[in-house]
Each structure stands twice: as C-alpha cells, then as structure tokens.
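Presented below is the structure to which this report refers.
The values are calculated or read from the model by the stated rules, or taken from the named source; none is laboratory data. Quantities reported herein were computed from a predicted structural model and do not represent experimental measurements. We place every Cβ from the backbone using ideal geometry, glycine too, and count neighbours over all the protein chains shown. The protein model used for the area step is the full one, side chains on, heavy atoms only, and it has no ligands, DNA or RNA in it. Shrake-Rupley method; radii C 1.70, N 1.55, O 1.52, S 1.80 Å.
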There are 2 protein chains.
Amino acid sequence: MYDFVRSFFFYGSRNHLMSQPDTKQRILNAGEHLFARDGYHPTSLRSITTEAKVNLAAVNYHFGSKESLLEAVIERRLEPLNKIRLGQLEALLEKTGQAGESPTCRDVLRTFIEPTLRMRIHGSDSEDFVALIGRILAEPRSVAMKIFMHHMEPLMNRLFYALALSLPELSRQTLFWRVHFAFGSLSHIMRYHERQAMIPEDVNIDMPVDDLIELFLDFATAGMEAS
Amino acid sequence: MYDFVRSFFFYGSRNHLMSQPDTKQRILNAGEHLFARDGYHPTSLRSITTEAKVNLAAVNYHFGSKESLLEAVIERRLEPLNKIRLGQLEALLEKTGQAGESPTCRDVLRTFIEPTLRMRIHGSDSEDFVALIGRILAEPRSVAMKIFMHHMEPLMNRLFYALALSLPELSRQTLFWRVHFAFGSLSHIMRYHERQAMIPEDVNIDMPVDDLIELFLDFATAGMEAS
DNA sequence: ATACGATTTAAACGTATGTTTGAATAAGGT
DNA sequence: ACCTTATTCAAACATACGTTTAAATCGTAT
C-alpha cells in the first residue's frame with residue numbers, strides 16, 4: 001500500500017517497531033534545502049532524490065506528489081514554530097491583562113520575530129526553512145502561499161488584535177498597512193541570510209541572532225509607532 | 001538575419017520607415033504581465049506568444065532566448081525609472097549642499113520611493129513591472145536578480161551615500177541593516193497590489209498612491225531614524 | 001521456513017518545455 | 001518587374017519533467 005495513502009488513514013500511527021528507515025526525513029531535508037535555495041518550480045524531484053540519496057519514485061510513494069511534499073516540508077516546521085509564537089503571545093496578553101495594562105508594541109512584535117529569527121541561526125537544521133518561508137511570502141497566488149496562509153491565519157488574527165491593543169491611537173487602516181510593511185521587512189531578512197550583491201564588504205552579514213533581533217525590533221517598533 | 005543579432009550591431013537604429021510591426025512591444029507587454037503574475041519559471045513562451053498573439057518562434061527571433069526576453073522586459077522600464085530616481089536624488093543633494101545642509105532622511109527616501117510607487121497606479125502600463133521587480137527582489141541567486149542588480153548598483157551607491165549624510169549618527173553597520181529592512185518593506189508592497197489572503201475586508205487595499213507613499217514614508221523614516 | 005505487506009528499484013510513460021529549422025510571406029530599393 | 005532582406009509561420013527537435021508501473025527486495029509475524 002502506498003505510504004501516503006496509509007498515512008491518511010493511520011496518521012502518526014506507525015505500527016510495528018518503526019521499521020521504516022529515514023527515507024522520509026531525508027527527502028524532507030533535501031526538499032527543504034533545494035526549495036529554499038532555488039525555489040519550488042526550478043527544483044526537480046530528480047535533484048531532490050539525488051541529494052537525499054533515495055530512489056526517484058520515493059517522493060511519490062511517500063508523499064503522493066511534489067506539491068504534497070512541499071506541504072509536508074512547510075508543515076513539519078511551521079506547526080511547532082506557530083505553537084511557540086502563539087504561546088508567547090498569549091502569555092504576554094495574559095500577563096499584561098492581569099496587570100490591567102496594554103502590552104507594548106515591541107513586546108508583541110518580539111513574540112513573533114524572536115522565535116522566527118532564532119531558526120535562522122547558522123548550522124541550525126531549520127536554517128533553510130526560514131529562507132523557504134521568505135520565498136513563499138514573496139509569491140502571491142502560489143500554491144505554497146495558500147498552504148502557508150492556511151497555517152498562519154489564527155496566529156495572524158491574534159497578532160493583529162494584540163498590536164491594536166498596543167497602539168490604540170492608530171486607525172485600523174494605518175495599523176494594517178504598517179503591519180504589512182513590517183512583514184515585508186521580516187520576510188526580506190528571512191530570505192537574505194547569505195552574502196549577496198549590493199552588500200558592502202565591511203558590513204557584517206553574519207551578525208549574531210540576538211543582535212539582529214534587537215536591530216530589527218528597533219526599526220520595526222519605531223515604524224509601527226511613528227506619529 | 002535574426003533581429004536580436006542585428007540589434008547587437010545596430011542598436012536602436014531601426015532603419016527605413018520603421019517597417020516593423022509592434023510584435024516586439026506586444027511580446028514585451030505579455031512577458032511583463034505573465035512574468036509578474038506567475039513568476040519567471042512557471043511562465044512558458046507559449047503562454048506569452050499566445051497572449052501577445054504572435055508566433056511562438058517570434059520570441060527567439062526577436063530576443064534570442066527566454067532569459068534575454070526577461071532582461072529586455074526589465075531594462076525597458078528600469079532604465080528610465082532609475083534615471084528619474086537618480087535625477088531627483090542629485091537635485092536634492094545639490095539643493096541641500098548649496099545651503100550647507102544635510103538632506104533629511106525622508107526626502108532622500110522619497111526620491112527613491114515616490115517614482116517607484118507611482119508606477120504602481122492601477123491601469124498604468126507599468127503596473128505589472130512593479131510587481132515583477134518585487135518578485136525579482138525576492139529571488140536571491142536568480143538570473144533575474146543578477147540582471148536587476150547590474151542596473152541598480154550606481155543608484156544604490158549614491159542612495160547609501162545620501163542616507164549616510166542624512167543620518168550621521170548611525171554606524172555604517174546599523175545604516176546598512178536599516179536600509180535592508182526598508183527595502184524589504186518596499187519590495188513587499190510592490191508585490192502585493194491585489195487583494196490577497198490575510199487582508200481584512202474593511203482595509204482599503206486600493207489606497208490612492210499619494211496616500212500610500214506618505215504612509216510608507218512615515219513608517220520607513222521612523223524606522224531609519226529610530227534611536 | 002513461509003507468507004505477506006511495506007518499501008525500494010529500474011524502467012517507462014505522457015506531456016510540456018525552450019529552441020531550431022526551412023519554407024512562405026511581406027516590404028522596399030533599384 | 002526583380003532582387004534582397006526582414007519577418008512570419010507551421011512543424012519538428014531534443015530534452016527535462018512529474019508520475020506510474022511492475023518486478024525485486026526487505027522485514028517481520030505466524
């Protein structure tokens with residue numbers, strides 16, 4: 001029986017001694033890497049299976065199709081990441097709510113940005129994923145975008161609510177556009193984590209994550225709070 | 001003789017009564033539209049020539065290859081746009097220089113952003129081009145990116161110089177990153193000029209360009225000037 | 001040992017792609 | 001009218017792609 005069909009009925013219930021080798025994970029890793037580096041369309045299943053050192057048919061056997069593989073690649077990391085981001089956001093809302101205060105804009109943004117950028121750290125196994133999401137955010141109307149948005153909606157609504165709390169003087173219109181701007185910045189630095197053209201030699205592109213996070217929060221918070 | 005070979009030797013010197021029909025322009029328009037809407041790789045020459053109502057071979061005859069067509073599409077609008085942006089920037093530097101002052105950050109950013117976003121106006125013939133550039137900026141290492149950067153370098157250097165003048169207290173390091181952030185925001189709104197997921201119903205996505213420019217300058221200037 | 005389901009493998013399938021070809025047509029100069 | 005050149009056109013080319021197939025192999029329970 002095809003593995004991806006079985007998964008549909010027995011999701012997560014790998015039976016008998018976990019007999020399966022790491023084929024699935026190897027495909028996910030290779031897909032994540034190549035989708036992030038070259039984009040979805042230019043990446044062929046043959047390049048993925050070569051890098052993963054598995055047979056060409058393994059992708060269709062385990063995932064059903066190239067598109068489903070992309071979905072699996074996204075879900076594997078986005079699900080836990082969103083759990084962390086939502087957890088931190090709810091904790092912040094809880095804490096400030098009990099004190100009868102509004103959260104600060106910087107703190108709200110931090111719950112979203114910090115867990116994201118921490119994945120970007122060099123050598124991390126989720127390094128490629130960050131760049132992949134950056135690319136996806138830049139492709140309106142793509143299948144990837146649809147998959148991504150499906151997983152983002154609840155978190156986005158909550159984030160928007162928290163930001164409105166922290167910036168009560170802004171109109172919904174203005175708030176939305178500024179969130180839009182801030183997301184643009186974030187997706188941009190998610191993509192560019194390697195030295196590119198247009199970057200002067202004396203600029204440190206490999207800035208420590210913690211510094212980058214504060215640098216970005218300085219920028220984004222000031223932009224959001226602009227009078 | 002192939003047209004694109006002739007162009008190499010007699011660039012811009014169409015001789016005798018401009019006998020050529022609008023085939024080249026129709027291809028450029030269709031390519032601009034489809035590259036912007038679907039991306040470079042997913043767009044086939046057949047879809048371009050169908051939309052342009054020309055023969056399939058016309059692209060290779062007039063431009064040489066799909067990649068050269070992309071280059072022509074980019075150059076057609078980027079060249080005049082950059083001339084305008086550089087002109088406004090030099091005028092600003094001249095004016096403030098003669099008064100012995102530094103330009104303001106907002107004015108410097110305006111010379112770059114205003115001509116760009118004005119192209120985004122609905123119904124404009126360069127509307128698609130803005131989205132295309134937005135996409136290109138989101139694809140590091142792509143051919144499109146290389147073509148684009150080649151045309152941007154002089155302007156970028158000058159812009160960086162002017163921004164350093166307007167924000168003398170910032171370190172080069174910080175200045176670079178904030179420019180990076182601002183460019184991320186800009187490329188994001190260049191892509192998203194249609195209603196997408198994640199956009200609340202009561203938000204006006206078709207905001208007048210002048211309002212959008214000021215809205216964005218508020219955000220970007222505050223971010224650049226953050227203390 | 002045997003049987004059985006899960007997985008791997010090599011090969012093939014059908015289709016879509018960018019590009020090339022060579023003939024046909026159009027246009028202008030002499 | 002004729003020649004020359006530019007352009008259009010239908011057809012074919014070679015290749016790369018995602019997917020499917022059917023046999024081979026592996027692992028485990030009986």
Handout entry: Per-region count, the range A:197-227, residues closer than 23 Å to A:F160 by Cβ, of a type outside the set (A, V, I, L, M) and under 20 Å from the mean Cα position of the chain (by Cα)
Key = 1
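Identify all residues within the range B:136-147 that are touching a helix residue (DSSP H, G or I) at 6+ places or on another chain (Cβ under 9 Å) and either within 9 Å of chain A (Cβ to nearest Cβ) or open to solvent by 40 Å² or more (accessible area, probe 1.4 Å) (or both); write none if there are none.
Result: B:L137, B:A138, B:E139, B:P140, B:R141, B:S142, B:V143, B:M145.
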Problem - Every residue from the range B:92-126 that is open to solvent by 60 Å² or more (accessible area, probe 1.4 Å) and among the hydrophobic types (A, V, I, L, M, F, W, C) - result: B:A99, B:I121
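Take the range B:206-222 and flag every residue that is assigned to a loop (DSSP other than H, G, I, E, B) and either within 9 Å of another protein chain (Cβ to nearest Cβ) or among the small types (G, A, S) (or both). So that I can check it myself, show each step before the final result.
Of all residues in the range B:206-222, those assigned to a loop (DSSP other than H, G, I, E, B) come to B:206-208.
The answer is B:M207, and nothing else.
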Completion exercise
Of (1) under 21 Å from A:H193 (Cβ atoms); (2) within 16 Å of DNA strand C (Cβ to nearest atom); (3) away from every other protein chain (no Cβ under 14 Å), A:R85 fails just (2)
Fill in the blank from the handout: For the range A:177-215 the number of residues that are touching a residue at least 12 places away in the same chain (Cβ under 8 Å), closer than 23 Å to B:I189 by Cβ and in contact with an Asp or Glu (Cβ under 9 Å, 6 or more places away or on another chain) is 3
Completion exercise
Among (1) within 16 Å of DNA strand C (Cβ to nearest atom); (2) within 14 Å of chain B (Cβ to nearest Cβ), A:V130 falls short only on (1)
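Please verify whether B:R172 is open to solvent by less than 30 Å² (accessible area, probe 1.4 Å) and either within 8 Å of chain A (Cβ to nearest Cβ) or at pLDDT below 90 (or both), treating the condition exactly as stated. Explain how you work it out, then say what you get.
On the way: open to solvent by less than 30 Å² (accessible area, probe 1.4 Å): no; either within 8 Å of chain A (Cβ to nearest Cβ) or at pLDDT below 90 (or both): yes.
So B:R172 fails the test.
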Exercise for the section: Please work out which one of (1) buried (at least 20 other Cβ atoms within 10 Å of the Cβ); (2) touching a residue at least 60 places away in the same chain (Cβ under 8 Å) is the condition A:E79 fails and give its number. Expected result: (1)
Problem - Residues of the range A:60-76 that turn out to be in a helix (DSSP H, G or I), within 14 Å of DNA strand D (Cβ to nearest atom) and open to solvent by less than 40 Å² (accessible area, probe 1.4 Å), as a count - result: 6
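What number of residues in the range A:47-59 are near DNA strand D (Cβ under 7 Å from one of its atoms) and within 28 Å of A:P140 (Cβ to Cβ)? Walk me through it before giving the result.
First, pick out the residues of the range A:47-59 that are near DNA strand D (Cβ under 7 Å from one of its atoms): A:47, A:56-57, A:59.
Right, trim to within 28 Å of A:P140 (Cβ to Cβ) and you get A:47, A:59.
Residues that pass the stated criteria total 2.
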